[in-house]
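See structure below.
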């Protein structure tokens, strides 16, 4: 069976904001599966901020993408041909897979999804990596207590929206920072955040003081930069700061400089800890179960920003750094087929 395939490869490494020139679309033939493998048709691709770091050739917690090789990340697909005893044609699967229309993969690298348990896209968002990042980072490092003030930057993204809602479940008071009035309305009116701040139009320092009159007990940091400088100036004694992302810094062309925060941490006996969701791999099943329970109970909501078309994958990725998404950013490549 000959299937025309298409993939997106890294053409060159960007300095600053990525552009279309750093990616290249290539046509190829899909490889037929061998024993223990399946051929998967891509349905949804997840684009995530951490992928920007993998475009650089430097040491990080995951290896960099290779030049002239496909980028990769969370993908949901449907098995169209199988030489596996574990998966059959028609199964919906998820895995860390290359940006291609068709992918030949070992069955052990894939997990079968149950479309009746939850919408399949939830496994790339609220019940997947972003949701688990929020769950473990907030509960293990942030440890919010009833009545405490939790501030979330990047609050309208896939991780931030989950963080705020979990903090509310735990009885905390939640302040979200985002970059548009549409995002603020969603956070406050739909998700129940107590206070919201537009970092693009509001006086950030004054707005934070007003929103956090008793200081900040937990700061879930998704963005870094000047926003984090402002929040950290208000931390309380014993504050906890889960360090999840630094999206404001990912496209800088030279090293960022800013306030030295060690003194703030020292005088407040505060904890700042960086983490990667894979640090908590042993607890993924338990975390996903509790998140799914909250979802069924209506305690958690989620929103997806979906761009249609494999050809628009690069646009969706670049849009992350322009703040174009609310909730999880996905690319819809195809609909599942009834088999």
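Laboratory data are not the source of any read-out in this text; all were calculated from the coordinates shown. These figures come from a predicted structure and were not determined experimentally. For neighbour counting, all protein chains shown are included, and Cβ atoms are generated from backbone atoms with ideal geometry for every residue, glycine included.
As I understand it, the value is the acute angle between the Cα axis of helix 284-296 and the longest principal axis of the Cα atoms of the chain; what does it come to in degrees, rounded to 10?
So the inclination is approximately 80 degrees.
Which of rounded, prolate, oblate describes the chain, given a ≥ b ≥ c as roots of the alpha-carbon gyration tensor eigenvalues and a/c under 1.5 marking rounded, otherwise prolate only if a/b is larger than b/c? Show your work: numbers first, answer last.
Details: a/c = 2.14, a/b = 1.62, b/c = 1.32.
The shape class here is prolate.
Express as a percent, rounded to the nearest 5, the fraction of DSSP beta bridges in the chain (both residues included) that run antiparallel.
Details: 33 of 59 bridges.
In the chain, approximately 55 percent of DSSP beta bridges are antiparallel ones.
Need one number: nm distance between label points at residue 285 and residue 233, each 7 Å from Cα along Cα→Cβ, rounded to one decimal.
My value for the distance between the label points is 4.8 nm.
With a/c under 1.5 counting as rounded, go ahead and sort the range 49-90 into rounded, prolate or oblate using the C-alpha gyration tensor (a ≥ b ≥ c being the square roots of the eigenvalues; past the cut-off, prolate if a/b is larger than b/c, else oblate). Could the numbers behind the result be given before it?
Details: a/c = 3.16, a/b = 2.94, b/c = 1.08.
Judged from the Cα gyration tensor, the range 49-90 comes out prolate (a/c at least 1.5, a/b above b/c).
Would you mind checking the tilt of helix 158-169 against the longest principal axis of the Cα atoms of the chain, expressed as 0 to 90 degrees and rounded to 10?
With both axes taken from Cα atoms, the answer is about 50 degrees.
Given the rule -39500 (n - 2.57) for each run of at least 4 DSSP H residues, summed and divided by the residues of the chain, what is its mean residue ellipticity at 222 nm, to the nearest 500 deg cm²/dmol? Don't skip to the end; give the middle numbers.
Working: 9 runs with 72 residues, N = 339.
Here the helix-only value at 222 nm equals -5500 deg cm²/dmol.
In nm, what is the difference between 0.36 nm times the number of residues separating residue 117 and residue 182 and their Cα-Cα distance? Each step should come with its number before you reach the end.
Numbers: separation 65, 0.36 × 65 = 23.40 nm, distance 3.04 nm.
Separation in residues times 0.36 nm, less the Cα-Cα distance, equals 20.4 nm.
Fewest to most neighbouring Cβ within 10 Å: what's the order for 39, 320, 271, 187? Provide the component values of the computation, followed by the final result.
Numbers: 39 23, 320 20, 271 15, 187 28.
Ranking 39, 320, 271, 187 by Cβ neighbours within 10 Å, fewest first, gives 271, 320, 39, 187.
What length, rounded to one decimal in nm, is gained on full extension from residue 190 through to residue 24, with 0.36 nm per residue of separation minus their alpha-carbon distance? It would help to have the intermediate numbers written out before the result.
Working: separation 166, 0.36 × 166 = 59.76 nm, distance 3.89 nm.
Working it through step by step, the gained length comes to 55.9 nm.
Can you tell me which of 67-79, 163-175, 5-17, 23-35 comes out highest on packing, and rank the rest after it, using the mean Cβ neighbours within 10 Å?
Values: 67-79: 19.8, 163-175: 23.2, 5-17: 16.2, 23-35: 14.1.
So the order, starting with the most tightly packed, is 163-175, 67-79, 5-17, 23-35.
What is the chain's relative contact order, in percent, from Cα pairs under 8 angstrom and six or more apart in sequence?
On the way: 728 pairs, mean separation 59.4, N = 339.
Reported relative contact order: 18 percent.
Taking the chain as a Gaussian network, where each spring joins two C-alpha atoms under 10 Å apart, which residue of 316, 185, 134 fluctuates the most?
Highest fluctuation of the listed residues: 185.
Given R₀ = 30 Å, FRET efficiency for residue 299-residue 140 by Cβ-Cβ distance, to 0.05?
For residue 299 and residue 140, the calculated efficiency is 0.95.
May I ask you to derive the FRET efficiency for residue 11 and residue 88 from their Cβ-Cβ distance with R0 = 56 Å, giving the value to the nearest 0.05? Display every interim value, and only then the final one.
Working: r = 37 Å, r/R0 = 0.66.
So, using R0 = 56 Å, E works out to roughly 0.95.
Does the range 118-196 come out rounded, prolate or oblate by the C-alpha gyration tensor, with a ≥ b ≥ c the root eigenvalues, rounded set by a/c under 1.5 and, if not, prolate when a/b is larger than b/c and oblate if not?
It is oblate, given that a/c is not under 1.5 and a/b is not larger than b/c.
Where the centroid of each part is defined by its Cα atoms, how far is the range 30-101 from the range 125-197 in Å?
Result: 29 Å between the Cα centres.
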